[in-house]
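Input: a single structure, listed below in structure tokens.
The values are calculated or read from the model by the stated rules, or taken from the named source; none is laboratory data. This is a predicted model, so every value here is computed, not measured. Cβ: placed from backbone, ideal geometry, glycine included. Neighbour counts: every protein chain shown. Keep in mind that these areas ignore ligands, DNA and RNA; they rest on the heavy atoms of the full protein, side chains included. Shrake-Rupley method; radii C 1.70, N 1.55, O 1.52, S 1.80 Å.
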Amino acid sequence: MICLGLEGTAEKTGVGLVDSDGNVLYNKTIIYKPPVQGINPREAADHHAETFPKLIKEAFNKVPKEKIDLISFSQGPGLGPSLRVTATAARALSLSLKKPIIGVNHCIGHVEIGKLTTGAKDPLTLYVSGGNTQILGYTCGRYRVFGETLDIAIGNCLDQFARNCALPHPGGVYVEKLAKDGKKLIKLPYSVKGMDVTFSGLLTSAIKSYEKGEKLEDVCYSIQETAFSMITEITERALAHTNKPEVMLVGGVAANNRLREMLNIMCKEQNVKFYVPEKQFCGDNGAMIAWLGLLMYINGKRMSIDETKPIPNYRSDMVEVNWIKNIPC
Ligand code: ATP
Ligand code: FE2
């Protein structure tokens, strides 16, 4: 069985083809470069409308459309206009090809493609991206949220800081580069609240430090050290509560080498395995949507067109997991 997956929750358009053995047959993402003031939801949606046809055509060149058995798409969480274009594209494909359709949760897509491509079986997942910061673990029929940001996502914090310092998008990449030359650790708010974290105070403080004349390299270094220590701390605590045997790092910020290093050290100390997918499966991609659609469909999930409306606030713990059978409750 082959599934075509459409990803379009924010500013990236992704199309993937995956078969039921977990082989990724096609996976391509096109990013819309936002203007200096940040993502304009309407323009991001226009970007999806322009780029989906191009990528879908390319995917059909890899696998003829007659051989595609299922269409899946990211139903949420995300920006309303982007989600509407993605759902419309998926419905049009499903109706014209006369194939079933499945809407999936984007966050769980990150987790499942991570498991598929790394071999992790039952990980505690730290999911860090531009729109989300969550610690997820499977227990009794659902992925539960063991900790999360109470305000902005960690990637958003890095991107907003970068934008304020006239660095290009995606900001996290440039913050990481500059942080390598930072030496001085500037004191910034370290905000852990039980199992949760907040980043807006850290962001404001970092911008102020830069405006007061601190070296950009030092501020970048200090943001990374502070923010990554916060999420490593709550991941370690969630490990103690859940006793999970593995930790997996996913989402766009998982590309960061310093974050990987900190988590690796923590996992060694806790004697658990640490996994990070290769870069094309860390950030948003169509293959993760295709793979999750397949898992759900093969295990009995069916969706009518009426049920394919976007869900902008689709939380990870709303998904009824029908595909995990070997982890006892
Ligand atoms: P989601 O919808 O899951 O929130 P997203 O739209 O933010 O995803 P992703 O590709 O998962 O997309 O993540 C993008 C984020 O990753 C951006 O905030 C970007 O700055 C950040 N990022 C990318 N590379 C790095 C890096 N090397 N270091 C830190 N952050 C990075
Ligand atoms: Fe994502």
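Before moving on, here are some points about what is shown:
- Considering the conditions (1) open to solvent by 20 Å² or more (accessible area, probe 1.4 Å); (2) part of a helix (DSSP H, G or I); (3) within 18 Å of Ser74 (Cα to Cα), Ala44 is excluded by exactly one of them, (1).
- Any chance Ile327 is loosely packed, with under 15 Cβ neighbours inside 10 Å, part of a loop (DSSP other than H, G, I, E, B), aliphatic (A, V, I, L, M) and not assigned by TED's automatic domain parsing to the domain that holds Leu6: yes
- Members of the range 302-311 found to be in a loop (DSSP other than H, G, I, E, B) and either in the same structural domain as Gly130 (by TED's automatic domain parsing) or more than 17 Å from Ala89 (Cβ to Cβ) (or both), listed by number: Arg302, Ser304
- Within the range 272-317, being aliphatic (A, V, I, L, M), open to solvent by 50 Å² or more (accessible area, probe 1.4 Å) and within 16 Å of ligand 1 (Cβ to nearest atom) holds for one residue alone: Ile311.
- Qualifying residue in the range 63-82 (condition: of a type outside the set (Lys, Arg), without any contact (Cβ under 8 Å) to a residue 40 or more places away in the chain and surrounded by fewer than 14 Cβ atoms within 10 Å (Cβ to Cβ)): yes
- Lone qualifier among Lys33, Lys57, Lys99 - being in a loop (DSSP other than H, G, I, E, B) and without any contact (Cβ under 8 Å) to a residue 40 or more places away in the chain: Lys99
- Applying the set (1) away from ligand 1 (no atom under 16 Å from the Cβ); (2) among the charged types (D, E, K, R); (3) under 16 Å from Ala179 (Cβ atoms); (4) open to solvent by less than 50 Å² (accessible area, probe 1.4 Å) to Glu246 leaves exactly one unmet item: (3).
- Filter pass, Gly130 being assigned to a loop (DSSP other than H, G, I, E, B) and not aliphatic (A, V, I, L, M): yes
- Scan of the range 242-254 for residues that are part of a helix (DSSP H, G or I) and either outside the structural domain of Tyr221 (by TED's automatic domain parsing) or at pLDDT 95 or above (or both), ordered by number: Thr242, Val253, Ala254
- So Ile231, is it of a type in the set (A, V, I, L, M), over 21 Å from Gly109 (Cβ atoms) and in the same structural domain as Arg142 (by TED's automatic domain parsing): no
- Sole exception among (1) hydrophobic (A, V, I, L, M, F, W, C); (2) more than 11 Å from Val104 (Cβ to Cβ); (3) open to solvent by 30 Å² or more (accessible area, probe 1.4 Å) for Val321, by number: (3)
- Number of the condition not met by Ser74 [criteria: (1) over 30 Å from Gly300 (Cβ atoms); (2) under 18 Å from the mean Cα position of the chain (by Cα)]: (1)
- Scan the range 261-301 for residues that are touching a residue at least 60 places away in the same chain (Cβ under 8 Å) and part of a helix (DSSP H, G or I) and the total you get is 16.
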